[in-house]
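Accompanying notes for the structure given below.
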Amino acid sequence: FWVIPAVEVKIEVVIPEKERSKEEISPNGKASPLIYKVNGTARHYHLEEHPIASNPYHNPKDVVEASVCHVKDLENGQMREVDLGCGKALLIKESGEFHAVGHKCPHYGAPLVKGVLSKGRVRCPWHGACFNIGTGDIEDFPGLDSLPRFQVKIEKEKVYIRASKQALQTQRRTKMMAKCISLSNYNLTSTNVLIIGAGAAGLVCAETLRQEGFSDRIVMCTMDRHLPYDRPKLSKSMDSHPEQITLRPKEFFCTYDIEVLTEMQVAAVDVKSKIAVFKDGFKMEYNKLLIATGNTPKTLSCKGKEVENVFNVRTPEDASRVVKLATSKNVVIVGASFLGMEVAAYLAERAHSVSLVELEHVPFKKFFGERVGRAVMKMFENNRVKFYMQTEVSELREQEGKLKEVVLKSGKVLRADVCVVGVGAVPATGFLKQSGINIDSKGFIVVNKMMQTNIPGVFAAGDAVTFPLALRNNKKVNVPHWQMAHMHGRIAALNMLAHGTEISTVPYLWTAMFGKSIRYAGHGEGFDDVVIQGDLDELKFVAFYTKSDEVVAVASMNYDPIVSKVAEVLAAGRTIRKRDKPLTALWFFSFRTGDMSWLTGKGS
């Protein structure tokens, strides 16, 4: 990246020379094998290799250059979406320098111009992913890809951008990665890195190792039949096909020599011998181990729990089956959890009726507080969802083996053709009980700030761990968020390579219901007050969660990008207190003027 002060700005995708020269095939001269479990037999096969990305400057006709503005059109700290004719870029001015990167977040396509710019990075307004404005590299999650970086040039006080047409159209960049040096020489029963679990944590760990130049063998194993996929969509977009939500295509794993064992369950780990024992008896030696097994959904324990058409939505097949069975039928959802509420919202327009059973008197009370919970509940009731609160299921009744009725302890009998259970989950760590790995009383794996367990060379990440959260004075917490699993995987990989990197990210999550999203940042467990601004009835609000006068979390609906803004403040180590300045006045000022400098300490 280069800038000539006081003339004209241009942008161009820049690929380091050492990366341009990397071969597009594996060092062993062929695509790396993926190992799949087919009818109980482990089989090798090779996929035809397709480069994930090509050098955009091989063809000069692929390059576009355009004048996009005058140097004085942008003040420091401002961003602007600019059109280059065949695509758009995000132009940024910070500390007197211009930068240009892709204008859409690679995760779900959010317009980054509506995000938050702070200290050399831009944060997505929707889900909180962060990108370095100088390199385009992703620095916080969710998502896997970075932004394309374009070349900026200033001539005669005009700003020019020079860019690859391909990069402008794709708006994403996969970081260059190493490949396995001698994969063909490896024994099937040994690997340098073994990753148990192929969710976000496992995949990001594998990718980070390759990005950092690790060229030894990596094996991922999963009980699932699919390659890693976007799990949050199982409840938010239930009729998605597996190939539509896959995080990386098969070719990606071949190109970067990341082997995947599907439908393979680890039954035990011998940490002294460094051997993982699979359920079918297969054994694999490892040097470094990542445990990222996630959680296991709880099931009902009532009479009739074994009847047909009762589901935990755990796989794409579960989700598709529920949608098919629920269409124009009667649905009962047990548990007003995130999964339960999202499934209810998705099925409301498709099913004949949707009933939701919950022990609490309002949904999300422990997480969002009672007032926000009531507002969400009202939105659901306005969309034909019927709530049965402060009760639980006593019996599932069947007819010819299939679900017919759900009987509640209150005595109410609900017609039901399909039932979805969303009553929480437990960590999937039972196979570690005799391993010597430190597990707490709830079954969570205990790790330090570097995602290390008490056993050297053994790391853990994702929903199955408790870790020290810097935001809450290093209190050991479990944060089962999609974004956090990504970061766990990255930190674990860096520390497998002895980088000594500690986790310090701010938790960030979102939920989508009836075309509306609630965004949330921080860790509000144990909050003692909620300061709400806006109109809950109109579903346009901000909620600040406080504990002992300190803001520990924030949630909003229809007020982007305040959650991303607060996340940046918390990430910088700043404290927001109720007593500093009235949150009411600050909130009102922020959204009437668009100035949120009070959150960064730049304002008065």
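The values are calculated or read from the model by the stated rules, or taken from the named source; none is laboratory data. Note that the coordinates shown come from a computational prediction; the quantities given were computed from them, not determined experimentally. Here Cβ is always computed from backbone atoms with ideal geometry, including for glycine, and neighbour counts include all displayed protein chains. Only protein heavy atoms, including side chains, enter the accessible area calculation; ligands, DNA and RNA are left aside. Shrake-Rupley method; radii C 1.70, N 1.55, O 1.52, S 1.80 Å.
Here are a few things to note about the model shown:
- Those helices (runs of 4 or more DSSP H) of region 320-403 in which 3 or more residues are surrounded by 20 or more Cβ atoms within 10 Å (Cβ to Cβ) occupy 338-347, 370-381.
- Restricting the first member to region 118-132 and to residues that are more than 24 Å from Asp230 (Cβ to Cβ), and the second to residues that are crowded, with 22+ Cβ neighbours inside 10 Å and hydrophobic (A, V, I, L, M, F, W, C), the beta-carbon pairs closer than 6 Å and six or more apart or on different chains are Gly120/Ile133.
- Residue check for Asn312: in contact with a helix residue (DSSP H, G or I) (Cβ under 6 Å, 6 or more places away or on another chain), touching a residue at least 40 places away in the same chain (Cβ under 8 Å) and surrounded by fewer than 23 Cβ atoms within 10 Å (Cβ to Cβ): no
- Residue list for region 224-247, filter: of a type in the set (D, E, K, R), in contact with an Asp or Glu (Cβ under 8 Å, 6 or more places away or on another chain) and closer than 30 Å to Asn192 by Cβ: Asp224, Arg225
- Checking every residue in region 175-192 against the condition of being buried (at least 18 other Cβ atoms within 10 Å of the Cβ), β-branched (Val, Ile, Thr) and assigned to a strand (DSSP E or B) gives zero matches.
- Looking only at region 536-549, residues that are open to solvent by less than 70 Å² (accessible area, probe 1.4 Å) and farther than 15 Å from Val566 by Cα come to 3 in all.
- Test: residue in region 465-486 that is open to solvent by less than 10 Å² (accessible area, probe 1.4 Å) and under 20 Å from Val277 (Cβ atoms): no
- Against the criterion of being among the aliphatic types (A, V, I, L, M) and at pLDDT 95 or above, Leu471 does not qualify.
Let's see how each residue does on (1) in a loop (DSSP other than H, G, I, E, B); (2) touching a Ser or Thr at 6+ places or on another chain (Cβ under 8 Å); (3) modelled with pLDDT under 95:
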position: Met238; (1), (2), (3): yes, yes, no
position: Ala268; (1), (2), (3): no, yes, no
position: Ala276; (1), (2), (3): no, no, no
position: Gly281; (1), (2), (3): yes, no, no
position: Thr293; (1), (2), (3): yes, yes, no
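- Some residue of region 250-264 being closer than 23 Å to Phe141 by Cβ, open to solvent by 30 Å² or more (accessible area, probe 1.4 Å) and under 18 Å from the mean Cα position of the chain (by Cα): no
- Test for Ile218: is it open to solvent by less than 10 Å² (accessible area, probe 1.4 Å) and over 20 Å from the mean Cα position of the chain (by Cα): yes
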